[in-house]
1. From the phi angles alone, apply the Karplus equation (6.51, -1.76, 1.60; θ = phi - 60°) to region 61-70 and give each ³J(HN,Hα) in whole Hz, x where the residue is Gly or Pro.
2. For region 73-80, take each phi angle, set θ = phi - 60°, evaluate the Karplus expression 6.51 cos²θ - 1.76 cosθ + 1.60, and give the result in whole Hz per residue in order, putting x for glycine and proline.
3. Looking at region 1-53, which GluC sites (Glu not before Pro) are in a loop (DSSP not H, G, I, E or B) and have at most 16 other Cβ atoms within 10 Å?
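Just so you know, all these numbers are worked out from the coordinates, no wet-lab data involved. Just so it is clear, the structure is predicted and the values come from calculations on it, not from any experiment. Please note: Cβ atoms are built from the backbone with ideal geometry, for glycine as well, and neighbour counts cover all protein chains shown.
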Amino acid sequence: MGDQASLFVDDPRHIDSPGIELRREAEVERIEVESANSYRLELENVSDAIRALLLGRDDALGQARAIEALYRSAEVGAAARIDSWWWWCSAEASSLPA
């Protein structure tokens, strides 16, 4: 929501009162959400993640690139860019097949 608004959930772990509040300055809008068993939803989420339905290969590669960039940034003391797969593998670029 950036600096324009925020989202608020009263009790995100137990969802006793399902719903989301959209807060913009002095205005609060309540967004109703269907009640559900939070433990079942959590189990379904983990199951989807295990079966790679939730996050796929591209997400895993993106996370690996971000972690590598953090390490490189810490080593050199400056921001590291994550432009593409080629950047991430730049050290091994000479060993890649043509």
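1. 5, x, 5, 4, 5, 5, 5, 4, 5, 4
2. 4, 5, 5, 9, x, 8, 5, 10
3. Glu25, Glu34
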